[in-house]
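Participant: Just dropping this structure here.
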């Protein structure tokens, strides 16, 4: 999942500067963006496909990978015959591999992901033993063993999404950009470690397999009806699950409540409209169901951390 930059053949200099930025469409039609820097690389991709697509993957140096499946599902499998590692909608993982040969499979109509690959010169600065999960992780990684920070994928949180957005929208150049990347990457890794530690200490278990499809159906229902007034009961009926399982399972699987996810959808949609169209703040507020633009502005600031006028000014 992490080897976009390897396929692009980007070199890495010894100075701690941004080395090269590349945007391209790969052989399967996926739109890929990749930035290489001394110590690693950052990549993001978006693809649409009508059938399952398999990518060959090869990595010959030790790599720590922070991977975020923002939309759709994909799976990674080693050619050694181990079980595939599957990430679904809105899940993330941290894993270390000394080397890798195999492939990954994209099997959703739309897939959007983001990842960071870190080499030894960078990831050694992340070694810590303050948390049990980190101590177990680094004990194996530093002896050259493949290891995951958590035994199962965890839900992507809103704070993690904001950091990903910051990394993708960074406007600095040169050494300032490297410093910006460094600080955000460290913060993102610490968020993932803290989340993994809380899950493991509380012994939270993954949602039962037979409820997964229903919870994903609930999420799709909310997504397709985000501009309409909906109730929790409507979502539960549409997904074929009871209210209790919906509330508990949705939070465990996606890291957000049903209505928290609805707000997330609306605020992301608002940002897209303000940034990419000529819609005014008042027009966007009205489309999202706000009777007063001021209330929309307050919700936008609370979610994004800046006013909607910031996008119109830019």
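The values are calculated or read from the model by the stated rules, or taken from the named source; none is laboratory data. Here the structure is a predicted model, which means the values were calculated and not measured. Don't worry about glycine lacking a Cβ; one is built from the backbone with ideal geometry, like all the others, and counts go over all protein chains shown.
Participant: List every residue pair whose Cβ atoms lie under 7 Å apart, where the two residues are 6 or more positions apart in sequence or sit on different chains, the first residue falls within the range 257-268 and is in contact (Cβ under 8 Å) with a residue 40 or more places away in the chain and not assigned by TED's automatic domain parsing to the domain that holds residue 155, and the second residue, located anywhere, is surrounded by 15 or more Cβ atoms within 10 Å (Cβ to Cβ) and not in a helix (DSSP H, G or I).
Facilitator: Taking only residues 6 or more apart or on different chains, the pairs are 262/226; 264/256; 265/226; 266/226; 266/288.
Participant: Given the options 171, 184, name the one that is closer than 22 Å to residue 306 by Cα, free of Cβ contacts under 8 Å to residues at least 40 places away in the same chain and surrounded by fewer than 16 Cβ atoms within 10 Å (Cβ to Cβ).
Facilitator: That would be 171, the only listed residue that is closer than 22 Å to residue 306 by Cα, free of Cβ contacts under 8 Å to residues at least 40 places away in the same chain and surrounded by fewer than 16 Cβ atoms within 10 Å (Cβ to Cβ).
Conditions (1) touching a strand residue (DSSP E or B) at 6+ places or on another chain (Cβ under 9 Å); (2) surrounded by fewer than 18 Cβ atoms within 10 Å (Cβ to Cβ), marked per residue:
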{"residue": "193", "(1), (2)": "yes, no"}
{"residue": "223", "(1), (2)": "no, yes"}
{"residue": "251", "(1), (2)": "yes, yes"}
{"residue": "260", "(1), (2)": "no, yes"}
{"residue": "267", "(1), (2)": "no, no"}
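Participant: Could you count how many residues in the range 266-280 are assigned to a helix (DSSP H, G or I) and in contact with a helix residue (DSSP H, G or I) (Cβ under 6 Å, 6 or more places away or on another chain)?
Facilitator: 5
Participant: Same structure again: Any idea which of (1) touching a residue at least 24 places away in the same chain (Cβ under 8 Å); (2) closer than 24 Å to residue 181 by Cα is the one residue 20 doesn't satisfy?
Facilitator: (1)
Participant: If I ask for residues that are modelled with pLDDT under 95 and either outside the structural domain of residue 138 (by TED's automatic domain parsing) or within 16 Å of the chain's Cα centre (by Cα) (or both), which ones from the range 44-67 would you list?
Facilitator: 44, 45, 46, 47, listed by residue number.
Participant: Which ones in the range 105-120 are in a strand (DSSP E or B) and either out of contact with any strand residue (DSSP E or B) (no Cβ under 8 Å at 6 or more places or on another chain) or under 17 Å from residue 148 (Cα atoms) (or both)?
Facilitator: 115, 116, 117, 118
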